[in-house]
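J.: Got a structure for you, written out below as structure tokens; questions coming shortly.
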Amino acid sequence: MATAAPGLTRVAPWQRVMTGDDVVAVAERDALGTTARVAVWPPENLAVACAAVDDVLGALDQQASRFRADSELSWLHGAGGGLFMLSDGLAEAVGVALAAARWTGGRTDPTVHDALISLGYDRDFAAIDSQRGEPPAASAPVPGWQRVRLHGPLLHLPAGVRIDLGATAKGVGSDRAVRAVMAVTGHAGGVLVSLGGDIAVGGTPPREGWPVTVAEEPGQAGSPRSQLVRLASGAVATSSVTCRRWRRGGTVLHHIVDPRTGRPADGPWRTVSAAAATCADANAATTAAIVAGPQAEDWLTTAGLPARLVGHDGEVRCLEGWPTAAGLPVPVPAGSHLYGGARPPGGTR
Amino acid sequence: MDADHGDRGGRVPLRDFGGPDRAGRAGTRRDSFRHVRRVSNWTGAALIVGTAAAAGALAHQAFPAAGTAAPAGGAGTSASRTGASAPGAGGPQVTHSVATTTASGVTVTTATRTINGTTVVTQVRHAPAYADNSYADN
């Protein structure tokens, strides 16, 4: 396992990003195996905002990373099952993951951990050998989220069941980061936080909303396949099978696992973006839509989430008021399906 | 089930992640020291019952919600919770994209190790690419 030894992981420095507007300040750094970006107005809030985001990301990594031998989650996995008292932060993250599983009808499921391992996603993605020769294990359903019980901070984890929070953790991180930034800035101005492309905003947005590019892959901004939208509140997230792909035994695999089979989802949509009241909701919804395959449109419509789906042939489908033209605001529904009861009162970690 | 093992090595403190420039906030983080620990079935049952009782009591005493239940959590302001605000009223005019929602790209793994007294920083950087490039032309 390519896990970082305790105390050896270093926080990458923030780099200023010049976007062309000097009324906002933007910075980004590597974090959680991907990129974190912060945009704030007024610009002088940038330093305290970045520091607040550092705190949130550091805590989340310590709580929920399955790639760190010294994380709380790794300790749980090594304990062999039982009843555990979790920190507030990990309890919230697990609670959100279980709520997402319930909401999506099991299309996201935190017990996909061992399926991901068997597929070869057994270390930080950057360290995966993308050309391993042996084929992946035969398909099998994952243990199932219903076997994991959470009562407040008390977790019952059956022996042999390990959890992965990948379908919701980045969203939780963006939500926490926005709350933390608003707290340290005294709720002055506005903030946008992106973790690997899962974006939450808070405070007062720019006029007409934060300009956000919707793309399938990093670096596609400005390409004909991208779209500019405006986000005034809530969050937007994207899941795609075009990234985090690797080859094993001649088979191309990706990281979005169908809990029913334990294998990469194999539906008609390669990328789904969705808007929701919170980034965890949006994050879970886009993953669930990829897994839902042919039922994705029905599920997103029933959930009332504005969404943009891209098929394997490049066809784009917009649902529930997602703008079809560039530069228009994305309507954001009210209310979270995931945080009620899962979030410790006043907790931000 | 084992008895409580609160003092065993299973404690996972939330360590300070910052460098020297972060020292000023270390105290805050130390205050929030938390850990995962195994608890016995009896302890767990007592805590569950106690938590449920407390929640019930609080719910009984709570003021009724005024019309709608405000969602817990949520990153945004009240605007995001109602979904009814005028977008961007009061903020500056921003014309250029500030972020991209996209599949999470893989960027870099940074690790620092001390080997024979020498600090070695290792950075493994991977482009957000995929093994087969099968989507390169789509």
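J.: Applying the selection to segment A:14-55, what residues are polar (S, T, N, Q) and surrounded by 19 or more Cβ atoms within 10 Å (Cβ to Cβ)?
T.: Of everything in segment A:14-55, those that are polar (S, T, N, Q) and surrounded by 19 or more Cβ atoms within 10 Å (Cβ to Cβ) turn out to be A:34, A:35, A:45.
J.: For segment A:154-170, name all the residues that are more than 9 Å from chain B (Cβ to nearest Cβ) and either in a loop (DSSP other than H, G, I, E, B) or buried (at least 24 other Cβ atoms within 10 Å of the Cβ) (or both).
T.: Residues satisfying the conditions are A:158, A:159, A:160, A:161, A:162, A:163, A:164, A:165, A:166, A:167, A:168, A:169.
J.: A follow-up question, please. State whether the residues of segment A:101-116 include one that is assigned to a strand (DSSP E or B), more than 9 Å from chain B (Cβ to nearest Cβ) and at pLDDT below 95.
T.: There is no residue in segment A:101-116 that is assigned to a strand (DSSP E or B), more than 9 Å from chain B (Cβ to nearest Cβ) and at pLDDT below 95.
J.: Answer yes if at least one residue in segment A:181-194 is in a strand (DSSP E or B) and either surrounded by fewer than 24 Cβ atoms within 10 Å (Cβ to Cβ) or of a type in the set (D, E, K, R) (or both), and no otherwise.
T.: So far as segment A:181-194 goes, no, none of its residues is in a strand (DSSP E or B) and either surrounded by fewer than 24 Cβ atoms within 10 Å (Cβ to Cβ) or of a type in the set (D, E, K, R) (or both).
J.: Taking residue A:92 and the conditions (1) over 21 Å from residue A:288 (Cβ atoms); (2) at the interface with chain B (Cβ under 10 Å from one of its Cβ atoms); (3) under 21 Å from the mean Cα position of the chain (by Cα), which numbered condition does it fall short on, given that it satisfies the others?
T.: Every condition holds for residue A:92 apart from (1).
J.: For the list (1) closer than 28 Å to residue A:35 by Cβ; (2) modelled with pLDDT of 80 or more; (3) in contact with a strand residue (DSSP E or B) (Cβ under 8 Å, 6 or more places away or on another chain), I need the number of the one condition that residue A:130 fails.
T.: (2)
J.: Looking at this structure, is residue A:61 in a helix (DSSP H, G or I), within 9 Å of chain B (Cβ to nearest Cβ) and modelled with pLDDT of 95 or more?
T.: In short, no.
J.: Go through segment A:74-103 residue by residue and tally those that are touching a His at 6+ places or on another chain (Cβ under 9 Å) and polar (S, T, N, Q).
T.: Count: 1.
J.: Related question: Of all residues in segment A:324-338, count the ones that are assigned to a loop (DSSP other than H, G, I, E, B), in contact (Cβ under 8 Å) with a residue 24 or more places away in the chain and either more than 20 Å from the chain's Cα centre (by Cα) or facing chain B (nearest Cβ under 8 Å) (or both).
T.: Qualifying residue count, segment A:324-338: 9.
J.: Let me confirm something: among A:40, A:56, which residue is modelled with pLDDT of 95 or more and in a helix (DSSP H, G or I)?
T.: A:56
The values are calculated or read from the model by the stated rules, or taken from the named source; none is laboratory data. In this text the structure is predicted, and so the values were computed from the model without any measurement. Virtual Cβ from ideal backbone geometry, glycine too; neighbours counted across all protein chains shown.
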